[in-house]
Amino acid sequence: MICFSHLVQVARAFFQFKKAGCGIVVVSQGKAEVLAHFERKNPMPFPVTGDPERAVYKAFGLTRTSFLTFLMPWILWQYVVKVFTGTPVRVPYLSEDVTQLGGNFLLDQAGNVLWQFKSKNPTRRPSVDEMLKAVGGAPAAEVAPAPHAG
């Protein structure tokens, strides 16, 4: 899925976020056993937690799309481009709802949303630079990419 490649990009910029005073927690719809397998293959520098009932997704107003979305030519084209440019695109786990759209949220210490991005389709995520800008960090291009396992 596209969200995996986005997660890798965020992980590579982890220290830029940390330098800007921003912590990272990833909420996935995966079950505990699926996440344990994922983390063994793809260690992340931040916590990845599961929300199989998608309560957090609902609380943040993240919606679902239709299966027909995946047949739209421009969505299919995004996946083709990702595959041919070497971007990791993984097959979803059986327990995942591929129609669930994701999002990125920056919160303050009190839990107030300072910045948000709600995906309108399964291929769109904010750039790491957009997110770093929102927390006052330097662009990710100024940081050497971290090695990635998996």
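The values are calculated or read from the model by the stated rules, or taken from the named source; none is laboratory data. Keep in mind that this is a model prediction, so the values were computed, not measured. All Cβ positions, even for glycine, are placed from backbone atoms using ideal geometry, and neighbour counts span all protein chains on display. These area figures cover heavy atoms from the full protein model, side chains too; ligands, DNA and RNA do not enter into them. Shrake-Rupley method; radii C 1.70, N 1.55, O 1.52, S 1.80 Å.
Details
- Within the stretch 131-150, being modelled with pLDDT of 90 or more and open to solvent by 70 Å² or more (accessible area, probe 1.4 Å) holds for one residue alone: Lys133.
- Residues within the stretch 10-23 that are crowded, with 19+ Cβ neighbours inside 10 Å and within 16 Å of Arg125 (Cα to Cα), tallied: 3
- Subset tally (residues that are within 21 Å of Asn121 (Cα to Cα) and open to solvent by less than 20 Å² (accessible area, probe 1.4 Å)) for the stretch 30-58: 2
- Yes/no for Pro122 being at pLDDT below 80 and either surrounded by fewer than 17 Cβ atoms within 10 Å (Cβ to Cβ) or in contact with a strand residue (DSSP E or B) (Cβ under 8 Å, 6 or more places away or on another chain) (or both): no
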